[in-house]
Amino acid sequence: MVCLECIFYLSGILIKRFPCFSIRNSGVFILKEKNLPQFFEEYLKKGSVFKEKRVLQANHFPNDIPHRAVQIHQVRVVVAPALRLERPSNLFIYGKTGTGKTLVVKWVINGELVSAAKKAGVSIQTLYVNCKLDADTEYGLFTELATQVGKELPLTGLSTDDVCSAFFSKADSTKSILIIILDEIDYLMKKAGDDFLYKITRKNEELKNTQVAIIGISNDLMFAEHLDPRVKSSLSEEKLLFPPYNAIELQDILNNRASSAFKHSSLEPGVVEKCAAYAAREHGDARRALDLLRVAGELTDRKGATSVAVADVDSAEEKIDHDTVAELVTTQPRQAQLVLYSILNISHGAGKFIFTGEVYELYKKYCAKASLRPLTQRRVSDILSEFDMLGIITARVISKGRYGRTREIMLAPQAATPVVRRLLEEALNL
């Protein structure tokens, strides 16, 4: 407990160093309103290395997609029959984060295909759902799809089957091809099972006017291996793999964006190359490369410099790693936090392999301390898979002969820090 005298002592230091602060008798800091606009006035007078920063945002839709011509062509080939009102094949797209999967699909489907359909006078409906953000249950999925086709639903009183029927009834009201894009589809399947896929694909036999095709996007390369055989049979999907970008390809992507994002001569030599090298080292993630370049520019602006230096990229990487891991740790459910805390305590840092069984045994002990009911070992394995996908751990399945198979786990360096340990202990009250 901090004494009141200490609070007022520290308050005096704060007010001397930052005149825009004042203190009330209650000990609450407030900003003096008369000084508040001055900061923003000075900020607006400062220059910036950016010309159009939004170009570096992950959700920016560029005019060109470098090094994805093969994948773009393959998506075009699969969906082209829709222009003749023929149902396209279902398509599952796999690849690590930041390899351009969602961008290419939106580019071809929402851009090229829809434009071509308008010219040809053909009705093509496209629905996009991020299963991790917008619909992590079967009920949530069909509610979101119904909303997108303009079907108003009551807030309560409907079952999942009712919402599903309402969606397909509305979608079947006009003669068209309906393409449903399910991003992060593996996340929904892990939480809700794969029955929703069966319902969607089998519904084509009942629809009179509309035919439905699914495009699933997943970071999990083994996603389809876990599907129920009857779902696999009804899907009959085509598969498309997006490989990671290499350093040279990432440089091209960054140079393409940087020419629009930054003012002339505001990037020093080596900045783009270093951002590309860092991102190539981490699974060829273009999103990571763009974030590094953007944050490096923001840090340059904050210190009042006129050009982004190579050292700013190092600072940007430290900031992103710290912010990302801290957010991941603090936003995870308590059960997942306990699993990560168990890994942290067994591995004693990065670079050492441990096994699923070891993690599970220690996790059960921490559950007892935290007054939580332990999850099953299978559910803990699912959590480990999610951590692997997020880059917190690296996991691989190995065979132990007649003793079966197990998973080797290695904690990522950015998660094996005192900061992560402190955040977990605070969140779990351990």
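Between Tyr128 and Ile181, the built amide H atoms are under 5 Å apart, and every one of these is 5 or more places off in sequence or on another chain.
The lysines within cross-link reach of Lys303, meaning a Cα-to-Cα straight distance under 20 Å and a gap of 8 or more places when in the same chain, are Lys45, Lys46, Lys51, Lys53, Lys263, Lys319. Can you compute the helix-only [θ] at 222 nm over the chain? Use -39500 (n - 2.57) per DSSP H run of at least 4 residues, normalise by all residues, nearest 500 deg cm²/dmol. Calculated mean residue ellipticity at 222 nm is -15000 deg cm²/dmol.
Each Cα pair under 8 Å and six or more residues apart adds its sequence gap; the mean of these over the residue count of the stretch 111-265 is a relative contact order of 22 percent. Counting Lys and Arg as +1 and Asp and Glu as -1, what is the net charge of the other residues whose Cβ lies under 11 Å from the Cβ of Ile93? Around Ile93, the surrounding residues sum to -1. When the square roots of the Cα gyration tensor eigenvalues are ordered a ≥ b ≥ c, the ratio a/c for the stretch 41-148 is 1.5 or more and a/b exceeds b/c, which makes its shape prolate. Of the GluC sites (Glu not before Pro) found in the stretch 356-390, none is in coil by DSSP with at most 12 other Cβ atoms within 10 Å of its Cβ. Sparsely packed loop sites in the stretch 177-263 (the trypsin sites (Lys or Arg not before Pro) outside DSSP H, G, I, E and B with at most 10 other Cβ atoms within 10 Å) comprise Lys208.
Taking Lys and Arg as +1 and Asp and Glu as -1, the other residues whose beta-carbon sits under 14 Å from that of Glu386 total 0. Charged side chains reduced to their Cβ positions (Lys and Arg at +1, Asp and Glu at -1) give the stretch 158-200 a dipole of some 140 debye around its Cα centre. Note on the chain: dipole from Cβ charges, positive end direction compared against Phe223, Val397, Thr201; the farthest Cα belongs to Val397.
Contact order, relative form, for the chain: 16 percent (alpha carbon pairs under 8 Å, 6 or more residues apart, mean separation divided by residue count). Going through (i) -0.88, -1.42; (ii) -0.79, -1.32; (iii) -1.08, -1.34, the figure that equals log10 I(q)/I(0) by the Debye sum over Cα atoms at q = 0.11, 0.14 Å⁻¹ as computed for the structure here is (iii).
The magnitude of the dipole of the chain, with charges of +1 and -1 set on the Cβ of Lys/Arg and Asp/Glu and taken from the Cα centre, is near 160 debye. Normalising by the residue count of the stretch 245-326, find the relative contact order in percent from Cα pairs under 8 Å and 6+ residues apart. Worked out over the stretch 245-326, it gives 33 percent.
Every number in this text was worked out from the coordinates using simple rules, so none of it is lab data. Every value quoted in this text rests on a predicted model; they were computed, and no experiment measured them. Every residue, glycine among them, receives a Cβ derived from its backbone with ideal geometry; neighbour counts consider all protein chains shown.
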